[in-house]
Amino acid sequence: GNSVTQMEGPVTLSEEAFLTINCTYTATGYPSLFWYVQYPGEGLQLLLKATKADDKGSNKGFEATYRKETTSFHLEKGSVQVSDSAVYFCALSDYSGGGADGLTFGKGTHLIIQP
Amino acid sequence: DAGVIQSPRHEVTEMGQEVTLRCKPISGHDYLFWYRQTMMRGLELLIYFNNNVPIDDSGMPEDRFSAKMPNASFSTLKIQPSEPRDSAVYFCASRGQGAPGPFFGPGTRLTVL
């Protein structure tokens, strides 16, 4: 079956530090990959996505590249801000053509940015 | 668009009571998903619908849980009877045909005492 593995948290960084949150996946087909962000007390927001190998998703200074050879989709940001503090979820969808299923999520990584 | 709307935002009830959670998906979206989030298990897909028809309910924990989608703009998730271990945040999400990533509602935080 499908699965997503994320690095354990919490991850604590100082403002303006470089961020990497690792994500690897297992899937039977050719999944689409996502990063969602959840701010305290809120629902999940789609941060970025990539639908095929070597695609790079980017948004709000975050980026992630779909690496089929390493089955990875690591999230990076060059200079984090306090407002980036949140829980980040890596997810995959084994969506193909007319079929669909729900997302398979990783456990989430709690990111804490200190001023 | 207002996004996915869920109600209530918070629900506190006593064990044994019936609980009904409501969701209004984004207009035009063909798929609707119900997820549950807990500290122990993370985010779990409970059930999803396509064009108001339940497609996969294998994630529904047991017979106490049921979900309906009587029309394209409304879905309910019912727990009867509720138990303390059902305490969680329940999210509804929707997406359109051909779009890989669903949009999530703000969630309903359920506490069963």
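Filtering region A:1-36 to residues that are within 12 Å of the chain's Cα centre (by Cα) and within 11 Å of chain B (Cβ to nearest Cβ) leaves A:Val4, A:Gln6, A:Ser32, A:Leu33, A:Phe34, A:Trp35, A:Tyr36. Please indicate, with yes or no, whether at least one residue in region A:86-96 is within 14 Å of another protein chain (Cβ to nearest Cβ), part of a loop (DSSP other than H, G, I, E, B), out of contact with any strand residue (DSSP E or B) (no Cβ under 8 Å at 6 or more places or on another chain) and within 19 Å of B:Ala99 (Cα to Cα). Yes, some residue in region A:86-96 is within 14 Å of another protein chain (Cβ to nearest Cβ), part of a loop (DSSP other than H, G, I, E, B), out of contact with any strand residue (DSSP E or B) (no Cβ under 8 Å at 6 or more places or on another chain) and within 19 Å of B:Ala99 (Cα to Cα).
Selection of region B:67-113 for residues being among the polar types (S, T, N, Q) and within 10 Å of the chain's Cα centre (by Cα) yields B:Ser75, B:Thr76, B:Thr108. Being surrounded by fewer than 21 Cβ atoms within 10 Å (Cβ to Cβ) and either outside any strand (DSSP E or B) or in contact (Cβ under 8 Å) with a residue 60 or more places away in the chain (or both) is a property that B:Pro54 lacks. Which residue is farthest from A:Leu33 (Cα to Cα), if the candidates are limited to region A:58-69 and must be touching a residue at least 24 places away in the same chain (Cβ under 8 Å) and not in a loop (DSSP other than H, G, I, E, B)? Applying the filter and picking the extreme gives A:Phe62.
Taken together, the criteria place A:Gly41 among residues that are in a loop (DSSP other than H, G, I, E, B) and either touching a Pro at 6+ places or on another chain (Cβ under 9 Å) or more than 14 Å from chain B (Cβ to nearest Cβ) (or both).
Residues in region B:83-105: is at least one among the hydroxyl-bearing types (Ser, Thr, Tyr), surrounded by 15 or more Cβ atoms within 10 Å (Cβ to Cβ) and more than 19 Å from A:Leu92 (Cα to Cα)? Don't jump to the end; show me each part of the working.
Going residue by residue through region B:83-105, those that are among the hydroxyl-bearing types (Ser, Thr, Tyr) are B:87, B:90, B:94.
In the following step, the residues that additionally are surrounded by 15 or more Cβ atoms within 10 Å (Cβ to Cβ) were identified as B:87, B:90, B:94.
Pick out the ones that are also more than 19 Å from A:Leu92 (Cα to Cα) and you get B:87, B:90.
Yes, region B:83-105 contains at least one residue that is among the hydroxyl-bearing types (Ser, Thr, Tyr), surrounded by 15 or more Cβ atoms within 10 Å (Cβ to Cβ) and more than 19 Å from A:Leu92 (Cα to Cα).
Mind checking whether some residue in region B:18-40 is part of a loop (DSSP other than H, G, I, E, B) and within 26 Å of A:Gln6 (Cβ to Cβ)? Yes, region B:18-40 has at least one match. In summary, B:Glu62 fulfils each of the numbered conditions (1) more than 21 Å from A:Phe89 (Cβ to Cβ); (2) part of a strand (DSSP E or B) with the single exception of condition (2). B:Arg41 - would you say it is within 14 Å of another protein chain (Cβ to nearest Cβ), under 25 Å from A:Gly41 (Cβ atoms) and exposed (fewer than 13 other Cβ atoms within 10 Å of the Cβ)? Yes; evaluated as a whole, the condition is true for this residue. Being more than 29 Å from B:Cys23 (Cα to Cα), within 14 Å of chain B (Cβ to nearest Cβ) and in contact (Cβ under 8 Å) with a residue 12 or more places away in the chain is not true of A:Thr109.
Within region B:44-85, the set of residues being of a type outside the set (A, V, I, L, M, F, W, C) and either within 14 Å of another protein chain (Cβ to nearest Cβ) or touching a Phe, Trp or Tyr at 6+ places or on another chain (Cβ under 8 Å) (or both) comprises B:Glu44, B:Tyr48, B:Asn50, B:Asn51, B:Pro54, B:Asp56, B:Asp57, B:Ser58, B:Gly59, B:Ser75, B:Lys78. Condition first: among the β-branched types (Val, Ile, Thr) and in a helix (DSSP H, G or I). Now tell me which residues in region B:67-89 satisfy that. Those that are among the β-branched types (Val, Ile, Thr) and in a helix (DSSP H, G or I): none in region B:67-89.
None of the figures in this text is laboratory data; all of them are computed from the coordinates on show. Predicted, not measured: the structure shown is a model, and the values here were computed from it. Here Cβ is always computed from backbone atoms with ideal geometry, including for glycine, and neighbour counts include all displayed protein chains.
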